[in-house]
Amino acid sequence: MANIQNAQILVALRAGRPTDSSACSRICFEAFERIARQHNFPPDFPSVDVATGLITMLLSHPGFFSVVAETGGEIVGSNFLDERSPIAGVGPITVDPKVQNLRIGRRLMQAVLDRAAERQFAGVRLLQSAYHSRSLALYATLGFLPRESIACMQGPAIGVLPAGYQVRHAVEADLEACNRVCTFVHGHDRAGETLDAIKLGTATVVEHEGRVTGYATDLGFIAHAVGETNRDLMALIGAASAFAGTGILVPLRNGALFQWCLGHGLRVVQVLTLMTTGLYNEPAGAYLPSVLY
Ligand SMILES: CC(C)(COP(=O)(O)OP(=O)(O)OC[C@H]1O[C@@H](n2cnc3c(N)ncnc32)[C@H](O)[C@@H]1OP(=O)(O)O)[C@@H](O)C(=O)NCCC(=O)NCCS
């Protein structure tokens with residue numbers, strides 16, 4: 001990729017490689033840890049090991065595009081694009097705290113947007129920590145529109161399901177029914193992500209009156225869920241034995257679901273902003289977005 005000269009340092013962008021994992025993971029952990037600490041929030045990645053697990057997977061999974069920024073041969077940032085479903089997902093984007101605010105993040109964002117345009121994705125989505133003014137401004141100036149506020153919620157397992165709803169592990173034969181619910185809610189499926197989660201064993205489906213009425217790829221920060229109604233999501237959330245990572249992501253404008261989560265002991269960890277560019281359909285049912293993919 002071409003070199004670019006910004007105000008202070010020469011930066012080159014190139015595709016990420018599995019061997020970049022160590023440098024990218026360290027930066028990912030340090031960048032999120034620093035911004036969270038500055039605002040007195042818990043970091044999105046609790047340790048370098050957790051960041052390493054995710055970044056290693058992203059750099060080797062064929063469904064993700066990756067880009068790294070280098071200066072003087074040293075990696076100073078990275079970004080990722082989830083290409084597994086009709087709407088591409090951005091992140092995590094991180095720039096080494098030593099060289100932030102020098103437009104490296106802007107280049108890394110432009111690189112994934114160029115890739116999405118080249119691959120003709122109908123739209124691109126991301127979630128942004130509402131306390132981080134810089135990323136909010138950066139994404140907005142790149143064309144992303146804020147769509148809604150999302151509460152990240154964490155707490156003990158709820159263990160309560162609405163009457164008449166059953167939750168079980170998803171199997172590959174459920175994929176078509178999951179895609180149908182997702183298309184009902186979002187206007188498109190998320191088949192690539194859902195199939196990965198079924199294979200991993202983290203996905204669940206909810207059944208009501210003998211058919212699948214919702215599913216979750218997991219209940220947590222990097223997993224999505226959809227349901228025909230709030231009761232489907234309450235069943236999926238209520239059946240979870242734990243909420244992975246920082247917590248589940250609950251749209252604040254779904255007041256009934258948000259209040260139900262609060263009423264069942266979940267606490268708000270932080271508020272995020274769902275932002276999109278290109279095709280965006282207003283959700284027609286209940287859903288939980290995923291922070292990354
Ligand atoms: C977010 C992040 C990737 C941005 O990268 P960066 O290289 O620091 O940012 P850039 O310099 O490319 O862009 C910042 C832009 O926001 C602008 N900006 C910063 N603070 C702003 C504010 N409060 N209001 C308006 N604009 C602001 C800057 O002027 C710049 O715009 P410009 O290019 O027009 O000058 C980087 O700061 C980071 O790693 N943060 C920690 C991890 C993180 O939060 N990741 C994103 C998760 S949602």
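The values are calculated or read from the model by the stated rules, or taken from the named source; none is laboratory data. Note that the coordinates shown come from a computational prediction; the quantities given were computed from them, not determined experimentally. Here the Cβ positions follow ideal geometry from the backbone for every residue, glycine too, while neighbour counts run over all protein chains shown. To get the accessible areas, we keep the full protein, side chains included, count just its heavy atoms, and leave off ligands, DNA and RNA. Shrake-Rupley method; radii C 1.70, N 1.55, O 1.52, S 1.80 Å.
Rounded to the nearest 500 deg cm²/dmol, what is the calculated helix-only ellipticity per residue at 222 nm for the chain, with -39500 (n - 2.57) per DSSP H run of length n ≥ 4?
-10000 deg cm²/dmol, from helical runs alone.
Could you quote the convex hull projected area for the stretch 202-293, Cα atoms only and averaged over all directions, in nm²?
Working: hull surface 25.1 nm².
Over all viewing directions, the stretch 202-293 projects a mean Cα-hull area of 6.3 nm².
Tell me, what is a quarter of the convex hull surface for the C-alpha atoms of the chain, in nm² with one decimal?
14.3 nm²
Kirkwood hydrodynamic radius of the stretch 133-233 from all distinct Cα pairs, in Å?
Mean inverse Cα-Cα distance, inverted, gives 15.0 Å.
What is the sum of charges, Lys and Arg at +1 and Asp and Glu at -1, for the other residues whose Cβ falls under 15 Å from the Cβ of Asp196? Spell out each step's value before the answer.
Details: positive: Arg84, Arg190, Lys199; negative: Asp82, Glu83, Glu172, Asp174, Asp189, Glu193, Asp218.
Here the count lands on -4.
In the stretch 1-82, what chymotrypsin sites (Phe, Trp or Tyr not before Pro) fall in a loop by DSSP, with at most 13 other Cβ atoms inside 10 Å?
Listed in order of number, the matching sites amount to none.
Over the chain, with a Gaussian network built from C-alpha contacts below 10 Å, which listed residue (Leu138, Leu219, Leu59) shows the highest mean-square fluctuation?
In this elastic network of the chain, the residue with the biggest mean-square fluctuation among Leu138, Leu219, Leu59 is Leu138.
Give the distance, in whole Å, between the Cα centre of the stretch 200-266 and the Cα centre of the stretch 111-184.
12 Å
P(r) tail for the stretch 1-100, what percent of Cα pairs lie past 15 Å?
61 percent
Given a 1.4 angstrom probe, what's the average accessible area per residue across the stretch 98-193, in square angstrom?
Value for the stretch 98-193: 49 Å² per residue.
In the chain, what percent of the accessible surface is made up of carbon and sulfur (1.4 Å probe, ligands and nucleic acids excluded)? All intermediate terms of the calculation are to be shown ahead of the outcome.
Details: 6750 of 12450 Å².
Answer for the chain: carbon and sulfur cover 54 percent of the accessible area.
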